[in-house]
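Asker: Take a look at the following structure, please.
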Amino acid sequence: MSSAPKSCELDSLPASLIQDYVDDLLPFLTLLCNRSLQEGVLPDSQKRSVVFPALKRDGLDLKDPSNFRPISNVSFLSKIIEKIVSEQITSYLSTNDLLPKYQSGFRRGHSTETLLLRLLSDCYGAIDGRRVTLLALFDVSAAFDTVDHQILINRLSVSFGLSGLPLDWITSFLAGRSSCVVLGTSRSPWALAPFGLPQGSVLAPLLYLLYTSDIGTLLSSYGVLSQLYADDTQAYLHCPSTSAMGAARTMHQAMGALADWMSSNRLRLNAQKTKFIWLGNRQQLAKLNLDALSAEFPTMSFSQVV
C-alpha cells in the first residue's frame, strides 16, 4: 500500500486511516481477500460505484454530455481485491504468452511512448524504402460503457483459457453492479449496470484489453499493421505513392470489417472522429492525388494534421 490513499464515500473507514493502521488491519484484509478469491465471489457491497462525469479535455462544450467521461469511484477494499486478481491474471497471460502483442495500453513496460516509437520506426523505414504510409486513427464511442458481459466471459474462457474460480470471480465481479451519478450537489438514483466496465476500477482496463484482443488479428488479415493503446487504434500500411488508390481501398475494406466486428461485439466505431493521414517525405507525398482519393472514398476524411 505504498500509493497515496484515496477514499470513496462507499468506504466504511477512510483509506488514509486504513493505511495508517495497515499492520493491525492486514490480517483481516487478507482474510477478506482470500475468502473472496477462494469462493469465486465478490460481495455485492463491493460492486457499487459512485460515478463522476469528467470532461475529456479542456475547452469542450460543458452542455454536451458526450464530452464527458464517466469515472467510477469504487471502494478501497474492492480496489485491493481487483489489484490481486489483475496481477494474477496478468502473470498467467504473460507466462503463457497470451497478452495481445498489438496492445500497449495498461501493460507493464508499455506506454504511449513505446507505441509512438514503433509507429515512427515503421514510418521512417517506409520512407527509406521510398514508400508512403496511410495512417488511420480509429475512435470507439463510449468503449468501456458498452462491453457485453457474456461475450467477455466467453472470450476469457475460449481465447484465454480462464476457468474455475478465476472465471467465477470475474463473472461475479461483472454481475449485479450498480452505480449512481454525482454532479455537483445533484445525485441520481442507484441503477443496475447490465453492460459495461467501471472506468476508474483497477480491473476494467485489463478486461477491456482482452475483450478487444481480436482487433489486431482482424486488421492483420487485411495486411494492415496496427498499434493499440486502450480504446485507441492506429492502423497503417505502406505502399509506393503510385499504389495509393489500392492502399486506400484495402484500408477502406479493413475499416468496414472492423466496424462489423465492433457491431457484433456491442462496440461502435465513431466514423466522425476517425481520421486518416498520409505520411512520407515531401517528394513522395507530392505524387499523391488527394482529390481523386477523396472522391473514390468519401467516407475517409484525409487530414493534413491529426
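Asker: What pairs in LYS47/LYS275; LYS101/LYS275; LYS101/LYS287 have C-alpha atoms more than 27 Å from each other?
Answerer: LYS47/LYS275; LYS101/LYS287, as the Cα separations exceed 27 Å there.
Asker: In debye to the nearest 20, how big a dipole does the chain give about its Cα centre with +1 on each Lys and Arg Cβ and -1 on each Asp and Glu Cβ?
Answerer: Using Cβ point charges on Lys, Arg, Asp and Glu, the chain gives about 660 debye.
Asker: Once you charge only the Cβ atoms, +1 for Lys and Arg and -1 for Asp and Glu, what is the size of the charge dipole of region 12-92 about its Cα centre, to the nearest 20 debye?
Answerer: 320
Asker: Assign one of three labels to region 82-201, namely rounded, prolate or oblate, based on the Cα gyration tensor with a ≥ b ≥ c the square roots of its eigenvalues; rounded applies when a/c is under 1.5, prolate when it is not and a/b is larger than b/c, and oblate otherwise.
Answerer: oblate
Asker: Go through region 149-154 residue by residue and turn each phi into a ³J(HN,Hα) via Karplus (6.51, -1.76, 1.60, θ = phi - 60°); whole Hz please, and just put x for glycine and proline.
Answerer: 4, 5, 4, 4, 4, 4
Asker: While we're on this one: With just the Cα atoms defining each centre, how far is region 70-116 from region 212-287? Give it in Å.
Answerer: Going from one Cα centre to the other spans 25 Å.
Asker: Report the charge-dipole magnitude of region 171-281 in Debye, nearest 20, computed about the Cα centre from +1 at each Lys and Arg Cβ and -1 at each Asp and Glu Cβ.
Answerer: Charge dipole of region 171-281: 280 debye, to the nearest 20.
Asker: Report the Cα-based extents of region 132-210 along its three principal axes, largest first, to the nearest Å.
Answerer: 52, 44, 18
Asker: If you take every DSSP beta bridge whose two residues both sit in the chain, what share of them, in percent to the nearest 5, is antiparallel?
Answerer: For the chain, the DSSP antiparallel bridge percentage is about 80.
Asker: What is the order of TRP190, TRP169, TRP261, TRP278, fewest Cβ neighbours within 10 Å to most?
Answerer: So the residues, fewest neighbours to most, are TRP190, TRP261, TRP278, TRP169.
Asker: If packing is taken as the average number of other Cβ atoms within 10 Å across a peptide's residues, how do 292-303, 217-228 rank, most packed first?
Answerer: Highest mean packing first, the order is 217-228, 292-303.
Asker: Would region 26-159 count as rounded, prolate or oblate if I go by the C-alpha gyration tensor, calling it rounded below 1.5 in a/c and otherwise prolate when a/b exceeds b/c, oblate otherwise?
Answerer: The shape class here is oblate.
Asker: Restricted to Cα positions, what overall size does region 189-298 have along the principal axes? Three whole-Å values, descending.
Answerer: Principal-axis extents of region 189-298 (Cα, largest first): 58, 24, 23 Å.
Asker: For an R0 of 51 angstrom, estimate the FRET efficiency from the Cβ-Cβ distance between ASN289 and ARG57 and round to the nearest 0.05.
Answerer: That gives a FRET efficiency of 0.90.
Asker: Report the Cα-based extents of the chain along its three principal axes, largest first, to the nearest Å.
Answerer: Each principal axis gives a Cα extent; for the chain these are 70, 47, 35 Å.
Values in this text are rule-based calculations from the coordinates and carry no lab data. As the structure is a prediction and not an experimental result, all values here were calculated from the model. Methodologically, a virtual Cβ is constructed for each residue, glycine included, from the backbone with ideal geometry; neighbour enumeration extends over all protein chains shown.
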